[in-house]
Amino acid sequence: MTATGSLRGRERVAELEAKFPEIPRAIVIKTDVLREGVRFTPDILEIGKWALPEYLPWDPDVHKQYKNLTDDLVGDCWAWLPMKFNFANGVTTKIVYDFIRRTDSPYEIRRQQPETFFLYRDGEPIEEIFFDKRPEWLSRRSPDGRPFAAVFCLASPDSLLGFPIKFCAYYKPEDICRFCCLNPAGVNLPQKLKKETLIDAPRYAEAYEAALEEFDVQHICFTGGALRDRSKEAGRYVEVVSEVDRIRRKTGKNTIVQAMSVALGRHEQQRIRDAGADEISFNMEVWEESLWSEIVPGKARDVGRGPWMERLLVAREVFGARRACTQFVVGVEMVSPRGFRSFHEGTRSVLEGIEWCCQNGIRPHTTTWFNTPGSLYEENQPPPTEYFLTIAFERHKLMEKYAMHPPADDATSSYGRCHKSGYLSPDADFHWLEVVERRASPASSSPRVLSSVPHS
């Protein structure tokens, strides 16, 4: 299913809805926004004064596009721009600004009244949207003077994202993941960052405890680059997970803690599990075996696709079914020089990987690829929105087929509790909207996708 390329504004959205009648309107628009980006406008600056901010947690050179826009746009830890927005039914999407992608976007955000905002496409109003306010604790500091916003980003108001390893061993041009913009090819960030002090593990505990004073934290994810020393990488995750687990036990909270790392062996996995992690994610990025050496060459040489999959199966044993995860960057399989040339081939490959995960109790996630400066694929354009919607809906059906969605009352799964942190893909949106519908209509027990549901 391909794009016509001729329709604009509301007609283009209507075309997508007609092609995918079973997909809720908010998910259709979200997917199109992720593919097309959002135009930078003065209204964005006004929203950025109070909304959940666009975090800049990596190396300053990676975020130089923000400073090029205006000097006072960037603070110590974030840019004064909103990071994401929500639809009325709670579906949330990342704002990928067009000045980052260097591609003109048909979408923009306009303020209609002081606190009323609409999403426009090609100058036509599409949908009212909403923004989460920035919590007060983010502006506070730890006892050593470090801003809490330098310790954790907010993936959503109740979900924290930490980067205990802010560099990657796969920095050389022959090793770097081709879609990644966080570690510029040829720049040795491990050497560059030796002068910087890693955030001490207790700082994560202090920031977590400060956040709990303002709201319930549902989910914490720790991630970062890869280290070739697997024991050292696991040790870093053990340090930070142990600290937040200490606060979790002290406060009696049931926050889900996830570590997202390179594929580790059983011993390293068990160390992280014993430290208090509930879930682990080893991201494959791409499924097709022939594309591993092209798209993720460092991972292919350092670990290998076969061993990576074997370690995912071990993770299912160590952490349990649905608590071992992986992620696929949807779209890169279509832009790789040796990638697929038809939608059918591309979707077949991605869905084959998703089904393998479901069959083996491994929770498959996706993220929507878009071209960003600093990556080796920055000159490429992503496939049309239809490609991403096809994979998103087929993934949802596979998750249902293999009973991979958590029960509606499961309080131990980040996937079931934190749909708002899934702003880079519609992965959790389908299931979450169905859960909302069933809660609103208890008599209906069969899964069904609605085009609209009550706000929650």
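Values computed for the structure shown
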item	result
Test: Glu36 is among the charged types (D, E, K, R) and within 23 Å of the chain's Cα centre (by Cα)	yes
Among residues of segment 285-325, those that are charged (D, E, K, R) and out of contact with any strand residue (DSSP E or B) (no Cβ under 9 Å at 6 or more places or on another chain), counted	7
Of the criteria (1) crowded, with 22+ Cβ neighbours inside 10 Å; (2) more than 21 Å from Ala428 (Cα to Cα); (3) free of Cβ contacts under 8 Å to residues at least 40 places away in the same chain, which one Glu333 fails	(3)
Helices (runs of 4 or more DSSP H) within segment 326-413 that include 3 or more residues within 20 Å of Thr93 (Cβ to Cβ) and touching a helix residue (DSSP H, G or I) at 6+ places or on another chain (Cβ under 8 Å)	385-401
Odd one out for Leu193 among (1) modelled with pLDDT of 95 or more; (2) over 24 Å from the mean Cα position of the chain (by Cα); (3) not charged (D, E, K, R)	(1)
Helices (runs of 4 or more DSSP H) wholly inside segment 1-105 that include at least 1 residues being at pLDDT below 95, surrounded by fewer than 20 Cβ atoms within 10 Å (Cβ to Cβ) and outside the structural domain of Pro382 (by TED's automatic domain parsing)	42-48, 64-69, 98-101
Matching entry among Glu317, Glu378, Glu333, Glu352 (being more than 17 Å from Leu291 (Cβ to Cβ), of a type in the set (Asp, Glu) and at pLDDT 95 or above)	Glu317
Residue in segment 347-393 that is surrounded by the most Cβ atoms within 10 Å (Cβ to Cβ), counting only those that are within 22 Å of Gly37 (Cβ to Cβ) and among the acidic types (Asp, Glu)	Glu386
Residues of segment 277-296 that turn out to be of a type in the set (A, V, I, L, M) and farther than 30 Å from Val240 by Cβ, as a count	1
Which numbered condition Lys250 misses (of (1) at pLDDT 95 or above; (2) over 22 Å from the mean Cα position of the chain (by Cα); (3) closer than 16 Å to Val151 by Cα)	(3)
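Listed here are the residues, each with its yes/no results for (1) assigned by TED's automatic domain parsing to the domain that holds Glu352; (2) at pLDDT 85 or above; (3) more than 18 Å from Asp158 (Cα to Cα); (4) buried (at least 24 other Cβ atoms within 10 Å of the Cβ).
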site: Ala403; (1), (2), (3), (4): no, yes, yes, no
site: Pro407; (1), (2), (3), (4): no, no, yes, no
site: Asp410; (1), (2), (3), (4): no, no, no, no
site: Ser414; (1), (2), (3), (4): no, no, no, yes
site: Leu424; (1), (2), (3), (4): no, yes, no, no
site: His431; (1), (2), (3), (4): no, yes, yes, no
site: Glu437; (1), (2), (3), (4): no, no, yes, no
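The values are calculated or read from the model by the stated rules, or taken from the named source; none is laboratory data. Worth saying up front: this structure is predicted, and the values here are computed from it rather than measured. Glycine also receives a Cβ, built like all others from the backbone with ideal geometry; neighbour counts cover every protein chain displayed.
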